[in-house]
1. Just one of Ile89, Ile67, Ile93 is among the β-branched types (Val, Ile, Thr) and either under 16 Å from Gly16 (Cβ atoms) or surrounded by fewer than 13 Cβ atoms within 10 Å (Cβ to Cβ) (or both); which is it?
2. With respect to Val18, is the statement that it is touching a Leu at 6+ places or on another chain (Cβ under 9 Å), of a type outside the set (Gly, Ala, Ser), assigned to a helix (DSSP H, G or I) and open to solvent by less than 50 Å² (accessible area, probe 1.4 Å) true?
3. Given (1) free of Cβ contacts under 8 Å to residues at least 60 places away in the same chain; (2) assigned to a helix (DSSP H, G or I), where does Ile9 come up short, assuming only one miss?
4. Considering only the stretch 93-105, I want to know if a residue exists there that is in contact with a Pro (Cβ under 7 Å, 6 or more places away or on another chain) and either at pLDDT 90 or above or more than 14 Å from Ile9 (Cβ to Cβ) (or both).
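The values are calculated or read from the model by the stated rules, or taken from the named source; none is laboratory data. All values derive from a computational prediction rather than experimental measurement. Note that we place each Cβ from the backbone using ideal geometry, even for glycine, and neighbour counts take in every protein chain shown. Heads up: the accessible areas ignore ligands, DNA and RNA and are worked out on the full protein's heavy atoms, side chains in. Shrake-Rupley method; radii C 1.70, N 1.55, O 1.52, S 1.80 Å.
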Amino acid sequence: MKRFGLVFISLLIAIGAVLLAAKHPTGPNAVSYDDPNGLWLSIGLFVIVFLPPLILSLFSNRAVRMINGIYLTLIVITFLAMVPIGFFIPELIAVGIIGLLGAITTGAGLVMTIKTDSQKSSFRR
């Protein structure tokens with residue numbers, strides 16, 4: 001359940017990043033509160049993207065953990081890509097902080113996914 005919780009917190013951080021990006025739109029095609037359908041579509045897309053790691057985090061099979069680890073690595077890279085944006089644009093420093101927080105949370109979930117022992121304690125001597 002710890003792995004599921006960390007991935008779920010990462011999902012909430014990603015939704016927070018979308019809501020923050022909607023507060024400060026950068027152009028006419030960006031997500032904004034003026035277009036609620038586009039905002040809901042973006043949030044729904046993040047939920048769909050995070051569904052596989054949420055479901056895979058419930059299983060303890062080694063192959064499933066490896067697939068989940070690869071998927072979480074891609075999410076960590078995406079969060080890390082947000083960090084320079086926050087440092088280069090002074091008005092969007094919160095985006096960088098959210099990116100860093102999301103990378104740390106997802107990275108912790110990644111470490112827990114990789115380090116989890118799939119064998120039951122009853123099989124050990």
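1. Ile93
2. yes
3. (1)
4. Checked the stretch 93-105: no residue is in contact with a Pro (Cβ under 7 Å, 6 or more places away or on another chain) and either at pLDDT 90 or above or more than 14 Å from Ile9 (Cβ to Cβ) (or both).
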